[in-house]
Each structure stands twice: as structure tokens, then as C-alpha cells.
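Enquirer: My questions all concern the structure below.
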Amino acid sequence: MSTNDEDSFVYDEATGEWISAADAAAKASAENVVEVRDSVGNLLADGDQVTLIKDLTVKGAGQTLKRGTLIKSIRLTGDAQEIDCKHDGIKGLVLRAEFVRKR
């Protein structure tokens, strides 16, 4: 008897059917993906450029990021509302997705 994933089947309790182990693994990984959307509903991804839609005061940095500021090369954090960014003079900047728009 073979133990390959192609030959193995698992019971999917959600659908009540037997599915291949490869399909089950793909389904599980798809469920763990967090969608991050900007202020107008565009899907964001790592490396995207975003623009601020309002002035934001950065706590601890004593700076205000003005509306229209371009943020390059964002990174997703795994949270549906937070993105990690780099900006001149500010290390570890995390912005809420509701305050940016994809460029």
C-alpha cells in the first residue's frame, strides 16, 4: 500500500466528503491567508505602493505624515488591518489599512 499524498484521502467534515490529502492541504493553506484591503477596497500585497488619505501623527516620532505621502514597498503583517512600512526617518512604521489607498 502506498503512502503518497496522491493516494491518501481525508474526510472533510465541512462538506461531508472524502477528498485527496493534497486538496485538503491546499484548502487549509487558503483558509489561513489574510486579505488586506485599503480604504476603497483594493486588495493589498507585499511590495505595493500606497498613498495616505489623511494626515497622520506618528506617535513617538514627533512627526506628522501629510495626506498624499507616498509609501513604497509595504509588507503585510498577517493582521487584516495593519501594514508594515518604511519612511524616511521613521523606523518600524505600522499603518492601518483604512488610512491608505493603493497606487
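The values are calculated or read from the model by the stated rules, or taken from the named source; none is laboratory data. All values derive from a computational prediction rather than experimental measurement. Cβ placement follows ideal geometry from the backbone for every residue including glycine, while neighbour counts extend to all protein chains displayed.
Enquirer: Lys86: on the phi < 0 side of the Ramachandran plot and either surrounded by 15 or more Cβ atoms within 10 Å (Cβ to Cβ) or part of a strand (DSSP E or B) (or both), yes or no?
Expert: yes
Enquirer: Looking at (1) free of Cβ contacts under 8 Å to residues at least 24 places away in the same chain; (2) farther than 30 Å from Val10 by Cβ; (3) surrounded by 13 or more Cβ atoms within 10 Å (Cβ to Cβ), which is the one condition that is false for Ala24?
Expert: (2)
Enquirer: Looking only at segment 45-73, count every residue that is modelled with pLDDT of 95 or more, outside any strand (DSSP E or B) and of a type in the set (A, V, I, L, M, F, W, C) and tell me the total.
Expert: Number satisfying all stated conditions: 1.
Enquirer: Condition check: under 30 Å from Asp7 (Cα atoms), acidic (Asp, Glu) and either at pLDDT below 95 or out of contact with any Cys (no Cβ under 6 Å at 6 or more places or on another chain) (or both). Does Glu82 satisfy that?
Expert: Spelling it out, it is not the case that Glu82 is under 30 Å from Asp7 (Cα atoms), acidic (Asp, Glu) and either at pLDDT below 95 or out of contact with any Cys (no Cβ under 6 Å at 6 or more places or on another chain) (or both).
Enquirer: Find all pairs meeting these conditions: Cβ atoms under 8 angstrom apart; at least six residues apart or on different chains; first residue within segment 53-68 and under 12 Å from Leu95 (Cβ atoms); second residue surrounded by fewer than 12 Cβ atoms within 10 Å (Cβ to Cβ) and at pLDDT below 90.
Expert: Note: no pairs meet the criteria.
Enquirer: Please find, within segment 17-41, the residue that is farthest from Ile74 (Cα to Cα) out of those that are of a type in the set (A, V, I, L, M, F, W, C) and modelled with pLDDT of 85 or more.
Expert: Trp18
Enquirer: Determine if segment 53-66 includes at least one residue that is within 30 Å of Ser8 (Cα to Cα) and among the acidic types (Asp, Glu).
Expert: Among the residues of segment 53-66, not one is within 30 Å of Ser8 (Cα to Cα) and among the acidic types (Asp, Glu), which makes the answer no.
Enquirer: Oh, and also: Among what's in segment 87-103 and is at pLDDT below 90 and of a type in the set (D, E, K, R), pick the residue that is farthest from the chain's Cα centre (by Cα).
Expert: The residue in question is Asp88.
Enquirer: Within segment 32-44, which residues are surrounded by 13 or more Cβ atoms within 10 Å (Cβ to Cβ) and either in a strand (DSSP E or B) or among the aromatic types (Phe, Trp, Tyr) (or both)?
Expert: Listed by number, the residues that qualify are Val36, Arg37, Leu44.
Enquirer: Just for segment 45-83: of the residues that are within 12 Å of Arg101 (Cα to Cα) and touching a Phe, Trp or Tyr at 6+ places or on another chain (Cβ under 7 Å), which one is surrounded by the fewest Cβ atoms within 10 Å (Cβ to Cβ)?
Expert: Restricting to residues being within 12 Å of Arg101 (Cα to Cα) and touching a Phe, Trp or Tyr at 6+ places or on another chain (Cβ under 7 Å), the top hit is Lys54.
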